[in-house]
């Protein structure tokens with residue numbers, strides 16, 4: 001959900017500028033862990049525990065259309081490692097109702113570890129989630145994961161759809 | 001979680017008596033769907049959408065000790081189909097923190113359908129959850145599931161522990 005359906009890194013930049021008056025360039029986040037994104041120590045932790053943070057994250061460009069398209073061929077589940085931030089639970093549910101009303105509550109999962117999830121594909125921005133997943137993995141590009149090379153990277157939702165289409169295509173046979 | 005770790009049927013009886021002044025005997029619930037437990041129509045639905053309902057459910061007898069014991073041999077996850085009742089999300093999280101503080105947030109899952117859960121065992125009171133599960137199943141006895149015969153029934157946590165011990169025992173070999 002975060003940094004895949006929701007543009008969480010954009011929200012960090014917007015809130016940092018609002019609260020600290022500093023416009024941090026996106027590229028300066030590349031390769032840093034999220035908690036080290038900004039010079040002000042603890043800024044990220046403060047944000048994710050502030051009511052309203054998760055409720056107001058901008059939607060990732062292309063996400064709504066891409067999920068709708070995937071739903072033609074797949075059972076799509078939204079799986080969010082939300083349990084670490086209990087205040088985010090209801091905000092994330094409301095955010096999904098607002099921006100992805102076509103995803104039923106039956107297909108939403110809030111968890112801690114994603115190792116318990118059984119699915120064919122996982123599109124995620126975090127190695128800690130992808131590394132323990134048994135199905136096929138796509139690493140959704142994010143500033144914090146620049147440098148990761150052991151999962152297939154997709155830069156955006158357009159690339160994610162192409163990658164899945166290729167993985168789903170029947171193997172070509174010689175004539 | 002409901003009717004397995006939390007004694008949800010007991011909570012229904014307590015709240016029904018409190019709100020409608022009628023002491024309904026537990027046995028009268030046997031074999032009924034939860035929504036048909038009580039003569040007052042919509043009573044159950046009203047309860048589960050009332051703030052405080054999930055936060056104050058009594059703990060199922062023996063559940064705390066049983067989970068502690070299972071954690072010696074298993075990774076124990078609490079998986080609750082909580083997504084239908086968004087108001088329950090934070091209450092369920094707080095309830096677990098109070099009564100099962102030894103279960104980390106990493107091992108808590110709030111979902112809609114449990115078909116996406118990958119585990120070895122599922123202990124559940126609902127066929128709709130057990131029927132779609134790929135691992136071994138135990139039906140935790142509840143008034144609403146009296147009459148169900150296609151899953152191994154356990155009457156209480158003591159029986160659940162014995163059942164798992166038997167399922168885990170190496171097959172006896174002839175000498």
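The values are calculated or read from the model by the stated rules, or taken from the named source; none is laboratory data. Because the structure is predicted, anything quoted here is derived from the model rather than measured. Cβ atoms come from the backbone with ideal geometry, glycine included; neighbour counts cover every protein chain shown.
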_Given (1) outside any helix (DSSP H, G or I); (2) in contact with a strand residue (DSSP E or B) (Cβ under 9 Å, 6 or more places away or on another chain), index of the condition residue B:31 fails_ = (2)
_Residues of segment B:101-110 that turn out to be surrounded by 21 or more Cβ atoms within 10 Å (Cβ to Cβ) and more than 7 Å from chain A (Cβ to nearest Cβ), as a count_ = 0
_Being within 11 Å of chain A (Cβ to nearest Cβ) and modelled with pLDDT under 95 is true for just one of B:39, B:86. Which residue is that?_
B:86
*Can you spot a residue in segment B:8-22 that is more than 24 Å from residue B:78 (Cβ to Cβ), buried (at least 20 other Cβ atoms within 10 Å of the Cβ) and in contact (Cβ under 8 Å) with a residue 12 or more places away in the chain?*
yes
*Could you list, in sequence order, the residues of segment A:134-150 that are crowded, with 19+ Cβ neighbours inside 10 Å and either closer than 28 Å to residue B:135 by Cβ or within 12 Å of chain B (Cβ to nearest Cβ) (or both)?*
A:138
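Please enumerate the residues belonging to segment A:119-133 that are buried (at least 16 other Cβ atoms within 10 Å of the Cβ), over 20 Å from residue A:88 (Cα atoms) and within 14 Å of chain B (Cβ to nearest Cβ).
Kept after step one, since they are buried (at least 16 other Cβ atoms within 10 Å of the Cβ), are these residues of segment A:119-133: A:119, A:121-126, A:129-130, A:133.
Keeping just the survivors that are over 20 Å from residue A:88 (Cα atoms) gives A:119, A:121-123, A:130, A:133.
Selection gives A:119, A:121, A:122, A:133.
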*Would you confirm whether any residue within segment A:146-164 is in contact (Cβ under 8 Å) with a residue 40 or more places away in the chain, closer than 25 Å to residue B:111 by Cβ and more than 16 Å from the chain's Cα centre (by Cα)?*
yes
*Test residue A:113 against the stated conditions and say whether it is crowded, with 19+ Cβ neighbours inside 10 Å, at pLDDT below 95 and within 14 Å of chain B (Cβ to nearest Cβ).*
yes
_Residue check for residue B:70: buried (at least 20 other Cβ atoms within 10 Å of the Cβ) and modelled with pLDDT of 95 or more_ = no
*asked:* Could you tell me how many of the residues in segment A:10-40 are out of contact with any helix residue (DSSP H, G or I) (no Cβ under 8 Å at 6 or more places or on another chain) and over 17 Å from residue A:144 (Cα atoms)?
replied: 3
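If you go through segment A:66-83 one residue at a time, do you hit one that is in a helix (DSSP H, G or I), closer than 20 Å to residue B:107 by Cα and within 14 Å of chain B (Cβ to nearest Cβ)?
no
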*Does residue A:89 count as without any contact (Cβ under 8 Å) to a residue 24 or more places away in the chain and assigned to a strand (DSSP E or B)?*
no
*Being modelled with pLDDT of 95 or more and more than 14 Å from chain A (Cβ to nearest Cβ), is that true of even one residue in segment B:91-100?*
yes
